[in-house]
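**Q** Got a structure here, written out as structure tokens. Questions coming.
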Amino acid sequence: MTKIELTVDGSKVSDDVEPRMLLVQFLREKLGKTGTLIGCDTSNCGACTVHLDGHAVKSCNMLAVQADGSEVTTIEGLADTYDGGELHPMQAAFHECHALQCGFCTPGMIMRSVDLLGENPDPSEQEIREGLEGNLCRCTGYHNIVRAVQTAAAAGKGAQA
Amino acid sequence: MIPAAFDYAAPATVEEALALLAEHGDDAKIIAGGQSLLPVLRLRLNAPEFVIDLGKIDRLRGVREDGDALVIGAMTTHSAVANDPLVAQHAALISKAVATVADAQVRNRGTFGGALAHADPAGDVGAPALALGAEFVIAGQGGATRTVDAADFFVDLFETAIGEDELLTEIRVPKHTGWGAHYEKFVRIAQQWSIVAVAAAVKAEGGTISEARVALTNMGSTPLRATAVEQALQGKPATEDAIREAVGAVADGTNPPTDLNGDADYRKHLAQVLTRRAVLTAAGG
Ligand SMILES: Cc1cc2nc3c(=O)[nH]c(=O)nc-3n(C[C@H](O)[C@H](O)[C@H](O)COP(=O)(O)OP(=O)(O)OC[C@H]3O[C@@H](n4cnc5c(N)ncnc54)[C@H](O)[C@@H]3O)c2cc1C
Ligand code: FES
Ligand code: FES
């Protein structure tokens with residue numbers, strides 16, 4: 001067992017974990033944060049995306065021990081990082097644009113999309129599509145997801161103006 | 001799936017990491033970003049008994065200048081390399097190639113040194129490092145440090161000059177300030193390993209190519225430098241026709257794989273087309 005201390009969704013967490021435990025398992029099984037999903041065994045799908053110190057990573061492709069000392073934000077804590085309402089603007093945009101069908105890819109899509117706008121607040125459609133290349137959706141055909149990111153980007157610009 | 005059980009340490013210095021490597025020998029495995037290692041462990045294709053995490057060794061991270069060279073720490077993430085202004089200025093070929101690796105999430109964890117040490121023939125960082133004549137700084141037991149040329153670093157499929165009790169600490173890249181650069185990667189779907197890719201850096205003056213550096217990804221068991229093509233390009237006008245002629249023999253002597261993405265002959269054809277495009281774009285055409 002290895003002792004780790006980290007911040008998850010704003011709360012300090014300290015625990016003893018098996019070194020082989022993946023970060024996604026730690027979040028789901030130890031902390032009960034089942035909002036972060038596991039969609040594949042090959043690190044391809046992006047369903048498990050969370051923020052590690054502010055940037056999107058695949059929590060299935062990282063050991064919990066590697067997150068020692070870091071700050072992790074999951075879909076469950078995302079709205080709290082924004083003090084404007086119950087939903088983060090990206091969550092609101094996904095809702096408004098109907099950017100999901102089964103919803104399995106949605107937590108990862110939203111976490112990556114927030115990071116994408118952090119890097120590039122005004123992306124072109126092409127930049128959005130390329131920026132989301134590590135997130136697979138088997139339902140929507142991506143069009144409404146792209147629209148949601150565009151909507152959130154426009155709302156962000158409005159908020160700054 | 002989850003990996004088989006292992007013991008773990010995250011040392012704070014290179015010296016401690018080397019001591020752990022010496023102690024555990026064959027049973028130990030280094031983890032850098034884990035973006036290649038963890039998929040392997042999760043599929044149980046490998047099951048080390050001890051994992052040594054380099055993530056807490058701060059001095060392995062970052063990019064600095066040292067005279068005529070740019071020094072990239074082995075643990076610098078792909079994202080940090082892709083966004084680094086010094087790399088963009090002095091080794092633009094590396095910025096461009098690294099930006100094509102995997103996807104944003106993987107680039108946020110995966111490291112430049114980890115990808116080079118992993119030496120996947122379809123990986124995108126080997127060819128640009130080879131083209132620019134990078135040198136690899138390797139730390140060994142008892143404080144020993146040696147520097148290996150790119151030409152000697154890549155030994156075979158997933159095999160480099162790094163010994164079992166050694167660590168790659170930094171990569172020194174000779175500055176290519178003012179050179180045009182392009183990495184032309186051919187894939188069929190988003191976020192895919194290169195079927196073939198070509199790294200090209202070109203120094204052009206008044207529409208004439210004065211020097212060129214070209215290397216190929218996934219045209220053999222290691223990245224390959226296309227020296228004959230580099231020589232053929234020298235002194236040629238930076239026009240499509242002249243470049244087409246100069247790069248015609250780029251696939252001669254290569255031994256590309258045959259797999260579901262294409263057979264060897266198809267890859268040889270691709271190498272020609274992609275080299276023409278890469279050189280033309282690097283030359284500003
Ligand atoms: C979904 C997905 C898609 C990908 N697509 C691409 C792609 O298109 N192109 C591409 O180039 N790569 C791709 N990769 C791989 C990516 O580039 C990895 O980041 C990289 O290959 C390994 O870097 P790492 O830091 O994660 O190393 P790790 O996975 O931690 O280590 C890789 C190997 O190198 C050894 N090692 C690491 N660091 C050192 C060191 N300093 N000294 C000695 N040995 C060391 C380890 O022991 C291990 O054997 C992809 C990965 C994933 C998960
Ligand atoms: S579950 Fe992490 S990438 Fe698929
Ligand atoms: S909504 Fe079903 S996978 Fe995206």
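The values are calculated or read from the model by the stated rules, or taken from the named source; none is laboratory data. Since the model is a prediction, treat every value here as computed from it, not as a measurement. Cβ sites come from the backbone with ideal geometry, for glycine too, and all protein chains shown count toward neighbours. Areas reflect the complete protein model, heavy atoms only, side chains present, ligands, DNA and RNA absent. Shrake-Rupley method; radii C 1.70, N 1.55, O 1.52, S 1.80 Å.
**Q** Go ahead and set up a Gaussian network model of chain B, Cα springs under 10 Å, then flag whichever of B:182, B:90, B:269 fluctuates most.
**A** Looking only at B:182, B:90, B:269, the largest GNM fluctuation is found for B:269.
**Q** Averaged over peptide B:180-193, how many Cβ atoms belonging to another chain are found within 10 Å of each residue's Cβ?
**A** The per-residue average across the peptide is 1.
**Q** Moving on to the next point. Helix B:264-282 sits at what angle to the longest principal axis of chain B, using alpha carbons and giving 0 to 90 degrees rounded to 10?
**A** Result, in degrees: 70.
**Q** When the Kirkwood radius is taken over all Cα pairs of the range B:7-51, what Stokes-Einstein diffusion coefficient follows at 10 °C and 1.306 mPa s, in µm²/s?
**A** 144 µm²/s
**Q** Return the whole-Å distance between the Cα centroid of the range A:52-113 and the Cα centroid of the range B:185-204.
**A** Value for the Cα centre distance between the two parts: 31 Å.
**Q** With the dipole of chain B worked out from charges on the C-beta (+1 for Lys and Arg, -1 for Asp and Glu) around the Cα centre, which of B:274, B:52, B:168 lies farthest toward the positive end?
**A** Going by the charge dipole, the pick is B:274.
**Q** Once label points are set 7 Å from the Cα along Cα→Cβ at both residue A:139 and residue B:40, what is their separation, rounded to one decimal in nm?
**A** If labels sit at residue A:139 and residue B:40, their model points lie 3.7 nm apart.
**Q** Rounded, prolate or oblate: which one fits the range A:79-155, using the alpha carbon gyration tensor with axes a ≥ b ≥ c (rounded when a/c is under 1.5, else prolate when a/b beats b/c, else oblate)?
**A** oblate
**Q** Take the Cα of residue B:252, step 7 Å along the line toward its Cβ, and report every residue of the range B:263-283 whose backbone nitrogen sits under 13 Å from that point.
**A** Once the point is set 7 Å along Cα→Cβ of residue B:252, nothing inside the range B:263-283 turns out to lie under 13 Å by backbone N.
**Q** May I ask you to derive the FRET efficiency for residue B:263 and residue B:146 from their Cβ-Cβ distance with R0 = 51 Å, giving the value to the nearest 0.05?
**A** After rounding, the FRET efficiency stands at 0.85.
**Q** For the range A:15-161, calculate the relative contact order in percent as a whole number, restricting contacts to Cα pairs under 8 Å that are 6 or more residues apart.
**A** So the answer I get is 25 percent.
**Q** Calculate the dipole size of the range B:7-51 relative to its Cα centre from +1 charges on Lys and Arg beta carbons and -1 charges on Asp and Glu beta carbons; express the result in debye to the nearest 20.
**A** Value, rounded to 20: 360 debye.
**Q** Can you find, among B:3, B:91, B:210, the residue farthest towards the positive end of the dipole of the protein assembly as shown? Put +1 on the C-beta of Lys and Arg, -1 on that of Asp and Glu.
**A** Farthest along the dipole direction, towards plus: B:210.
**Q** About its Cα centre, what dipole magnitude does the protein assembly as shown give when the only charges are +1 on Lys and Arg Cβ and -1 on Asp and Glu Cβ, stated in debye to the nearest 20?
**A** In debye, rounded to 20, the protein assembly as shown gives about 1080.
**Q** Quote the relative contact order of the range B:135-242 in percent (integer), defining contacts as alpha-carbon pairs under 8 Å separated by 6+ residues.
**A** Contact order relative to length: 18 percent.
**Q** Kindly provide the helix-only [θ] at 222 nm of chain B, computed as the sum of -39,500 (n - 2.57) over DSSP H runs of four or more divided by all residues, to the nearest 500 deg cm²/dmol?
**A** -8500 deg cm²/dmol
**Q** Report, in degrees rounded to the nearest 10, the 0 to 90 angle that the Cα long axis of helix A:106-119 makes with the longest principal axis of chain A.
**A** 70 degrees
**Q** Sort A:86, B:205 by heavy-atom solvent-accessible area, probe 1.4 angstrom, most to least.
**A** A:86, B:205
**Q** Between their Cα atoms, which of B:175/B:236; A:33/B:185; A:30/B:56; A:33/B:96; A:58/B:56 are more than 29 Å away from each other?
**A** Going by Cα-Cα distance, A:33/B:185; A:33/B:96 fall outside the 29 Å limit.
**Q** Would you tell me the accessible area of residue A:139, worked out with a 1.4 angstrom probe on the heavy atoms of the protein chains, in Å² to the nearest 10?
**A** Rounded to the nearest 10, that gives 50 Å².
**Q** Could I ask something else about it? Counting only helical runs of four or more DSSP H residues, what would the 222 nm mean residue ellipticity of chain A come to if each run contributes -39,500 (n - 2.57) and the total is spread over all its residues?
**A** Theoretical 222 nm ellipticity from helices: -9500 deg cm²/dmol.
**Q** To continue, here is another question. With a 1.4 Å probe and all protein chains kept in place, how much accessible area does residue B:15 have, in Å² rounded to the nearest 10?
**A** Counting only protein heavy atoms, the figure is 120 Å².
**Q** Roughly what angle does helix B:14-24 make with the longest principal axis of chain B, taking Cα atoms, 0 to 90 degrees, to the nearest 10?
**A** 70 degrees
**Q** Please name which of A:43, A:23, A:62 has its Cα lying farthest along the dipole of the range A:2-77 towards the positive end, using unit charges on Cβ (Lys, Arg +1; Asp, Glu -1) and the Cα centre as origin.
**A** Selected residue: A:43.
**Q** Next question. With the cut-off at 1.5 for a/c, could you classify chain B from its C-alpha gyration tensor as rounded, prolate or oblate?
**A** In terms of gyration-tensor shape, prolate.
**Q** On to the next question. Using θ = phi - 60° and the Karplus relation 6.51 cos²θ - 1.76 cosθ + 1.60, list the HN-Hα couplings for the range A:123-138 in order, rounded to whole Hz, with x at every Gly or Pro.
**A** Running phi through 6.51 cos²θ - 1.76 cosθ + 1.60 with θ = phi - 60° gives x, 6, 4, 4, 5, 5, 4, 5, x, 9, 5, x, 10, 9, 10, 9 Hz.
**Q** Identify unpaired cysteines across the protein assembly as shown, taking unpaired to mean no other cysteine Cβ lies under 4.7 Å from the residue's Cβ.
**A** So far as the 4.7 Å Cβ criterion goes, A:97, A:102, A:139 stand without a partner in the protein assembly as shown.
**Q** Between rounded, prolate and oblate, where does the protein assembly as shown land on the alpha carbon gyration tensor, with a ≥ b ≥ c its root eigenvalues, rounded for a/c under 1.5, else prolate if a/b exceeds b/c?
**A** It comes out oblate by the Cα gyration axes.
**Q** Also, quick follow-up: With +1 assigned to the C-beta of every Lys and Arg and -1 to the C-beta of every Asp and Glu, and no other charges, what is the dipole magnitude of the range A:2-77 about the Cα centre in debye, to the nearest 20?
**A** 140 debye
**Q** So, one more: Given contacts defined as C-alpha pairs under 8 Å and at least six residues apart, what's the relative contact order of chain B, whole-number percent?
**A** For chain B, the relative contact order is 16 percent.
**Q** Going through the range B:1-65, which trypsin sites (Lys or Arg not before Pro) have at most 14 other Cβ atoms within 10 Å and a DSSP loop state?
**A** Hits after loop and neighbour filter: B:44.
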